[in-house]
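Okay, structure first, notes after.
Coordinate-derived values only; no laboratory data. Model, not experiment: these values are computed from the prediction. All Cβ positions, glycine included, derive from the backbone under ideal geometry; neighbour counts span all protein chains shown.
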Amino acid sequence: MSSGECRLRLYSRFSCLSSCLTNEPYAKDCVKHSIQVTRSAGKNSKLKHYIVGGDGFVGRYLARALLSSGEEVVVCDIAKSELDIYNKASFVHLDITDRSAFDAVSFGRDDVIYHLAARMLIPIVRKSRRKDYLWSVNYYGTKNLLEYCHERGCSKLIYLTTDMVYGHQRQMVGNEEQPKEPLGPYGASKLASEELCETYREKGVRITIFRPRLIIGPGRMELLEKLFRLVRANLPVPLIGAGTNRFQFISVYDCVSAALCAVEKGIPNSVYNLASIDPPTTGELLNHLIKEVGSRSFLIRTPARFTKRVLTVLDLLGVPLMDPEQFLIADENCVLDVSKAVTELGWQPRYRDKDMLVAAYKEYMRITTETQ
């Protein structure tokens, strides 16, 4: 083993799921990761974990997992929130769309880089501005990051993209080799960035790519807030279609464990789906949430074809209620095969969609109550 090289072994201990359903801050809930690091002798053997986009939802969970094991973490982001992670983690302001901004960071050859920075489908952007808004970060920002990694000789990168690269799923349970036909600029920007990664793999940068389903868990607000507001107010919850389709999620805890498993395996140059096991139907999922939190809300099922046409017209008129990449698949089965990650990484999804949605709602209620 060369000087400075390390092998990261992950041992995950999951606490009782019921602790996720309390009103305690999600910083202390559910998952504790213990990481054993075996390092070679010699100077400067201490690697760093740079989390690009680390102030966001997934990043703060990943930072906590690493920090709890004594690892050195540097969060790189355009914003710094009042989070407990900064008691130990360093922060560097970094706008990945600005190539010169990378002068503020100093990736080492043995450091691990986690690329979580992205623009997503929330907030909704008008159709005329959507492509530039999404591509500026998701593609060109990724390009800047890859260039900098290559220049610094940093060869360990973990990248979270999205299952939106697939578009309409043509298989009942889709694997990583299914057709990739994005339905809009979000999925297209992510797919193009994946193709860019392949170019840098040829230059010696090892890149593990994860394609997660919608990531949920305590603290997930921006994508679920509209739903939670309806449930809290005991209002009807509209569904596109009959709600009999299976629409899979992935727990933020399972995303973190997948990233650490990839580090343990030496950052495989491969792509992996991330999703839960045995997802319920959309109707079952939402009815469970309503029942568990004691709401009087109920589901209103709408004709899928008609509803999609209305939403498409509103999008064209510049008053979008929902992004087409979301509503065009809202009534479809969206289930990913995760066997590749299980087999090659030794990863196993442990959290159920129903429980994570309830945990996210309870955290929403806690934050809402505290800020009133």
Might you check whether a residue that is more than 30 Å from Thr369 (Cα to Cα), without any contact (Cβ under 8 Å) to a residue 40 or more places away in the chain and touching a Leu at 6+ places or on another chain (Cβ under 8 Å) occurs anywhere in region 175-182? yes
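Could you grab me the full set of residues in region 45-74 that are in contact with a helix residue (DSSP H, G or I) (Cβ under 7 Å, 6 or more places away or on another chain) and part of a loop (DSSP other than H, G, I, E, B)? So that I can check it myself, show each step before the final result.
Residues of region 45-74 in contact with a helix residue (DSSP H, G or I) (Cβ under 7 Å, 6 or more places away or on another chain): 49, 51-54, 57-58, 60-65, 67, 73.
Within region 45-74, Gly53, Gly54 qualify.
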Considering every residue within region 107-115, establish whether at least one is touching a residue at least 12 places away in the same chain (Cβ under 8 Å), surrounded by 23 or more Cβ atoms within 10 Å (Cβ to Cβ) and of a type in the set (Ser, Thr, Tyr). yes
- request: Could you tell me whether any residue of region 232-247 is among the aliphatic types (A, V, I, L, M) and assigned to a helix (DSSP H, G or I)?
  value: no
Note to self: I'd like to know if region 128-136 contains one or more residues that are surrounded by fewer than 23 Cβ atoms within 10 Å (Cβ to Cβ), in contact with a strand residue (DSSP E or B) (Cβ under 8 Å, 6 or more places away or on another chain) and either touching a residue at least 60 places away in the same chain (Cβ under 8 Å) or at positive phi (or both).
What the structure shows: no
Reported set for region 318-358 where residues are part of a helix (DSSP H, G or I), among the hydrophobic types (A, V, I, L, M, F, W, C) and under 26 Å from Arg301 (Cβ atoms) is Phe327, Met356, Leu357, Val358
The number of residues in region 137-159 that are surrounded by fewer than 23 Cβ atoms within 10 Å (Cβ to Cβ), among the hydroxyl-bearing types (Ser, Thr, Tyr) and part of a helix (DSSP H, G or I) is 2
Glu82 meets each of (1) closer than 24 Å to Tyr253 by Cβ; (2) touching a residue at least 12 places away in the same chain (Cβ under 8 Å); (3) outside any strand (DSSP E or B); (4) not hydroxyl-bearing (Ser, Thr, Tyr) with one exception, condition (2)
